[in-house]
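A.B. asks: I have a structure I would like to understand better, so I am pasting it below and will then ask my questions one at a time.
Please treat every number below as a calculation from the coordinates, not as lab data. What you see is a predicted model; the values in this text were computed from it and never measured. Neighbour counts are summed over all protein chains in view; Cβ atoms, including those assigned to glycine, are modelled from backbone coordinates with ideal geometry.
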């Protein structure tokens, strides 16, 4: 039996996050763990107007779920399968990446969270805080920070 039963990896579809997916999938394949792919998103307004009955004001527009989150999860699943993961689940949750990953980790009783290191060495990461750094303070389980950047700017 594996020490890691459920491995959570966050993805936004970026190259860095997909490299973290690769590593998480390799670990899941080697240990027989379930790989849980998570994507945080913000809803995006469309130009489709609400009906008069649903309208809050003249400028109210319908808000729909994020297609980019679905695309990120689809790409992540393809990468995870290619890396050998067998038991894969996906979840897209509205909210900030750190909030979403930490709450999903708690709700799903995750044993390990995998994230890329992107943002740890950037000026914005040092001032605002990066996803890996903030997760290290809020995660209820082990965290693996994967080196996903090549050091070039």
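A.B. asks: Counting other C-beta atoms within 10 Å, which of 130, 39 has the fewest, and how do the rest follow? It would help to have the intermediate numbers written out before the result.
C.D. replies: Working: 130 23, 39 26.
Lowest to highest Cβ neighbour count: 130, 39.
A.B. asks: What is the spin-label model distance, in nm, from residue 30 to residue 94 if the labels are put 7 Å beyond Cα along the C-beta direction?
C.D. replies: Simple spin-label model gives 3.9 nm for this pair.
A.B. asks: Each label point is 7 Å from the Cα along the Cα-to-Cβ direction; what then is the distance between the points at residue 107 and residue 87, in nm?
C.D. replies: Distance between label points: 2.0 nm.
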